[in-house]
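Taken together, the values in this text are just the output of simple stated rules run on the coordinates, not laboratory data. Only a predicted model underlies this, so the values are computations on that prediction, with no experimental measurement involved. Positions of Cβ are generated from backbone atoms using ideal geometry, with glycine treated the same way; all protein chains shown enter the neighbour counts.
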Amino acid sequence: MPLDTSAYSLALLRVDGRRWNELRRIHAQIRTQAAADGSSYLEMGHTKVMCVVNGPSEPGPRRGATSGGGGGGGQSKNAEVAVNIVIAGFSSVDRKRRGRGDKHILELQSTISQALAASLHTHLFPHSTINISLHVLSQDGSLLAALINAATLACVDAGIPMTDYVAACTAGSTSTYAANDEGADPLLDMNHQEEQELPGLTVATLGDSDRVAVLVCESRVQVSRLEGMLAVGVDGCKQVREILDRVVREKGIKMIQEGTVERGVGLNDMELD
Amino acid sequence: MPREAEPSANEKAFLLKALQDEQIRLDGREFDQYRPLELTFGDEYGVANVSLGKTKILAKASAEVTVPFADRPLDGIFTIATELSPMAAPHFEVNRPTETEVLLSRLLEKTVRRSGALDTESLCLVAGQKCWSVRVDVHVLSHDGNLTDAACFAVVAALRHFRKPDTSMENGVLTVYTPAEREPVPLGWLHSPFCVTWSFFGEEGETALLDADWMEEQVRVASVTISLNRHGEICQIAKLGGVPVEAVALLQCTSVALTKVKEFSTYLDDKLAEDAKRRDKGGFMAELRAENDRIVG
Amino acid sequence: MSSESPLVVLPGETIDPSLIPTHKKNPLRLGPGLRHIPPSEIVPTVAGQLVVDHRKTSMWIEYNGGRYIPSQGDLIIGQIARSATDFYYVSLSPYTPNATLPHLAFESATKKTRPQLASGELVYARVSLANRHMDPELECVNSSTGKADGLGPLKDGMVFDVSLGFARRLLMAKSREEGKVEVLEALGEEGLAFETAVGRNGKVWVGSESVKTAVMVGRALRETDEKGLGVEAQRKLVKKLVREMR
């Protein structure tokens with residue numbers, strides 16, 4: 001089903017009625033799972049993911065035994081971030097069977113693991129593992145971004161020390177790859193339909209800096225488009241960070257009010273309304 | 001599973017010190033300089049042997065006639081298979097893909113296949129019934145860092161060098177000709193994408209290097225692989241985690257990558273032309289020649 | 001040592017009995033690569049150059065193998081893999097079983113003063129025990145005198161991998177005459193200040209105040225090894241490198 005992009009130039013509205021620089025509704029919750037060390041639920045538009053974090057935990061006896069020699073490193077000085085992604089069969093329109101060795105999922109796992117490992121203070125937990133498992137309940141574009149955001153929230157909830165939030169979002173462009181038209185607008189936060197038709201990329205930044213932790217572009221696009229898309233994407237990440245931050249703060253205030261957490265020093269400046 | 005041997009603490013510290021304080025690499029290269037890239041073609045069509053310093057990769061393209069996928073009756077089949085065996089480095093095992101191998105094959109897939117470098121529609125013979133299945137096997141013969149760039153170059157070189165048997169359709173009968181009957185034909189090729197990998201070093205990834213060797217790869221804190229073609233089209237960008245890097249630096253990396261890709265492109269064109277000349281035994285006069293080639297044993 | 005042209009032997013070849021040194025009192029000593037099949041047959045087990053020393057009634061085979069096999073008395077550069085209760089596990093070469101280095105096998109080391117080494121650090125050590133049934137053992141102290149003799153942890157500097165044969169040539173007492181290696185001397189004559197430690201396991205540690213010097217020494221060593229340069233070519237290479245780096 002081709003997406004009619006010609007309508008965009010008339011009213012400057014996208015298929016779902018957004019303007020070029022608008023995010024979809026982001027709804028997030030933390031501490032949704034009582035059994036886990038940290039958990040979160042996140043919706044970006046119709047993309048819905050859940051995340052559960054367990055750890056950092058010391059490994060079992062199986063892993064501890066070093067196999068015959070191996071490399072020179074011996075035991076690792078940093079905690080390992082192990083990510084596991086499950087994409088539910090009902091999450092997208094066509095029910096696709098994905099095997100265990102699906103390379104796309106392995107790539108997503110590796111990306112999230114490496115992105116978070118750079119932000120989390122893994123050196124505080126030598127020889128241990130942080131288990132992050134992500135479940136995709138519904139897909140409507142920006143999957144990687146939603147997964148990263150959910151994982152960040154869950155890590156915050158689990159109380160793992162980190163430098164800052166890793167916030168992610170997608171950006172696209174209204175031009176097709178061949179067209180070199182300068183009038184093409186960058187788009188923020190693409191849904192599934194837009195992802196199918198237009199070039200786009202996923203960006204994740206650290207905190208509110210301009211430093212890019214993840215940059216994944218899987219479509220053909222002119223080099224000249226990159227700068228605009230990246231700028232919009234980085235800006236979007238900052239907006240996402242604000243939203244994530246609000247979620248965490250609100251939950252924190254609630255927990256203090258309910259008395260789950262003792263009101264400690266230094267919390268007085270937080271607005272408790 | 002054996003782990004990758006890590007360099008010692010002294011080596012890591014020294015490498016970083018050399019890069020950041022003195023701006024020198026251990027092998028004396030500039031920061032944006034590739035190791036010598038060499039490409040040789042095999043006697044057969046579609047065999048490319050690429051060496052980038054001590055990294056050596058062999059890619060072989062082959063084709064066979066099969067039934068197309070039911071959901072894409074008008075497209076041929078195109079697959080890229082990668083193999084990292086213990087031959088490349090002792091920590092690779094047969095039939096157990098490591099993360100390196102998965103990421104490598106994904107990158108090749110995105111760079112060459114998904115960017116539409118090969119015209120898969122031209123591989124269709126009879127809609128829904130017969131099509132060519134083109135397969136490229138990538139073998140890493142020796143691993144000294146930067147497999148991606150070398151492997152991508154090898155795949156593109158092998159595919160552009162490859163010739164598939166000529167076919168014809170007459171009255172619903174499909175004929176595949178042997179090379180003796182008809183000269184094999186090249187694949188329908190649309191553009192040549194190449195990968196360029198930057199590696200970042202330092203606390204905030206402020207030092208960027210091109211074409212890291214294995215030692216440098218083990219010390220780096222982040223990397224980004226940018227695939228482009230000479231027309232300035234990005235086919236793929238992958239910065240899969242690692243230490244965050246300034247967005248502006250990434251844009252600079254992309255523009256340098258474009259110049260490198262143009263160099264690769266020219267180099268490959270030259271090599272292909274050279275090889276074609278070597279194979280061409282004198283055009284029209286050769287065709288008129290009555291004698292057969294003698295094989296002197 | 002025989003002054004004739006090098007005699008290359010292959011595994012299983014018979015060795016001309018006239019080559020085997022004899023002595024009235026001293027027994028014949030066999031070095032690496034040779035195997036004695038009783039009663040009197042001596043068979044090479046590797047391909048290489050047969051070297052016979054009539055004065056010491058010993059013979060061995062000189063070869064450039066890819067894998068280091070520890071033998072007693074070798075000086076090696078090892079990388080600490082991890083620490084156990086009273087010894088370190090030390091990796092001599094990747095993907096081989098670790099050697100052990102007791103915590104107290106350092107100069108004047110006691111339970112309290114022993115060096116604390118983290119994994120990944122380097123030590124220059126001697127192989128004190130090596131046989132085919134056990135993991136090798138190392139020491140960083142001369143057990144009879146209690147002196148370090150230059151052994152111990154290596155701080156800073158850089159390690160360069162070379163082939164085993166080249167490491168052996170570097171370690172020869174008269175490396176210039178017998179080993180045909182002059183690259184280090186040549187570098188020293190150029191006024192470069194550096195120190196080296198050569199490990200029999202194919203590793204050369206180079207320490208220097210200047211990063212540039214260490215890089216240069218490393219490149220000179222590697223190139224000499226990889227291209228099999230002769231003495232003259234080595235001098236030329238050093239001159240070239242010095243010009244490049246200045």
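Listing for the model above:
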| read-out | value |
| --- | --- |
| Cβ-based net charge around B:G76, under 13 Å, with every Lys or Arg adding one and every Asp or Glu removing one | +1 |
| 25 °C / 0.890 mPa s Stokes-Einstein diffusion coefficient of region C:75-154, Kirkwood radius on C-alpha pairs, µm²/s | 197 |
| Amide proton proximity set for C:S83, modelled H, under 5 Å, gap of 5+ | C:Y89 |
| Estimated FRET transfer efficiency (B:T207, C:I37; beta-carbon r; R0 51 Å; 0.05) | 0.30 |
| Value of Rg to Rh for chain B (Rh from inverse mean 1/r over Cα pairs, i.e. Kirkwood) | 1.03 |
| Expected 222 nm ellipticity per residue - DSSP helices of 4 or more, -39500 (n - 2.57), all of the protein assembly as shown, to 500 | -8500 deg cm²/dmol |
| Beta bridge orientation in chain C: antiparallel %, DSSP, nearest 5 | 95 |
| 5 angstrom amide H check on A:G200, placed H, neighbours 5+ away | A:E218, A:S219 |
| Simple label model, 7 Å out from Cα along Cβ direction - A:L124 to C:T14, nm | 7.5 |
| Region B:11-296, relative contact order [Cα under 8 Å, separation at least 6], % | 18 |
| Selection of GluC sites (Glu not before Pro), region B:1-103, meeting DSSP coil and at most 13 other Cβ within 10 Å | B:E22, B:E30, B:E44 |
| Spherically averaged projected area of region A:19-264 from its Cα convex hull (nm²) | 15.9 |
| Selection of GluC sites (Glu not before Pro), region C:196-246, meeting DSSP coil and at most 13 other Cβ within 10 Å | C:E209 |
| Straight-distance crosslink candidates among lysines, where the alpha carbon sits under 23 Å from B:K130 and sequence neighbours closer than 8 are dropped | B:K60, B:K164 |
| Highest-fluctuation residue, C:A197, C:A125, C:A186 considered, GNM on chain C with Cα pairs under 10 Å | C:A186 |
| Over region C:7-62, volume per residue of the alpha carbon convex hull, in Å³ | 74 |
| Virtual paramagnetic centre 7 Å along Cα→Cβ of B:T98, amide N under 13 Å, in region B:194-228 | B:214-215, B:217-218 |
| Spin-label zone in region B:65-90 - amide nitrogen under 16 Å from a point set 7 Å from the Cα of A:K96 along the C-beta vector | B:70-72 |
| Among B:D137, B:D43, B:D71, residue whose mean-square fluctuation peaks in a GNM of chain B (springs only between Cα atoms under 10 Å) | B:D71 |
| Antiparallel bridges, percent of DSSP beta bridges restricted to chain B (to nearest 5) | 85 |
| Under-5 Å amide H pairs with C:K203, H placed in peptide plane, nonlocal only | C:I77, C:V162 |
| Neighbour-count ranking [beta-carbon atoms within 10 angstrom, fewest first] of C:M172, C:M134 | C:M134, C:M172 |
| Residue-averaged beta-carbon neighbours from other chains (10 angstrom radius) around C:218-226 | 1 |
| Residue exposure sequence - B:H191, B:H161, A:H27 - by fewest surrounding Cβ within 10 Å | A:H27, B:H191, B:H161 |
| Prolate/oblate/rounded call for chain C, Cα gyration tensor, a/c under 1.5 rounded | oblate |
| Listed pairs A:K77/A:K254; C:K24/C:K203; B:K260/C:K203; B:K277/C:K240; C:K56/C:K147 exceeding 32 Å between Cα atoms | A:K77/A:K254; C:K24/C:K203; B:K260/C:K203; B:K277/C:K240 |
| Among C:A220, C:A197, C:V242 - extreme Cα towards positive end, dipole of region C:158-245, charges at beta-carbon | C:A220 |
| Global form of the protein assembly as shown, assessed from the alpha-carbon gyration tensor, a/c cut-off 1.5 | oblate |
| In nm, spacing of pseudo-spin labels at A:N21 and A:K238 (7 Å Cα→C-beta vector) | 1.0 |
| Neighbouring partner chain Cβ atoms per residue of A:202-215, average, 10 Å criterion | 5 |
| GNM result for chain B, Cα springs below 10 Å: residue of B:F200, B:F69, B:F92 fluctuating most strongly | B:F69 |
| Of C:K112/C:K155; B:K12/C:K180; A:K238/B:K12; B:K239/B:K271, pairs whose Cα-Cα distance is over 29 Å | B:K12/C:K180; A:K238/B:K12; B:K239/B:K271 |
| Prolate/oblate/rounded call for region C:158-245, Cα gyration tensor, a/c under 1.5 rounded | oblate |
| Residue-by-residue Karplus 3J(HN,Hα) for region B:219-225, coefficients 6.51, -1.76, 1.60, Hz, glycine and proline x | 9, 5, 9, 6, 8, 9, 10 |
| Test item: A:80-88 mean partner chain Cβ contacts at 10 Å | 0 |
| Cα-projected label distance for B:V185 with A:H46, points at 7 Å along beta-carbon direction, nm | 4.3 |
| Rel. contact order, % - alpha carbon contacts under 8 angstrom, at least six apart, region C:1-90 | 28 |
| Relative contact order (percent, whole number), chain C, Cα cutoff 8 Å, 6+ residue spacing | 14 |
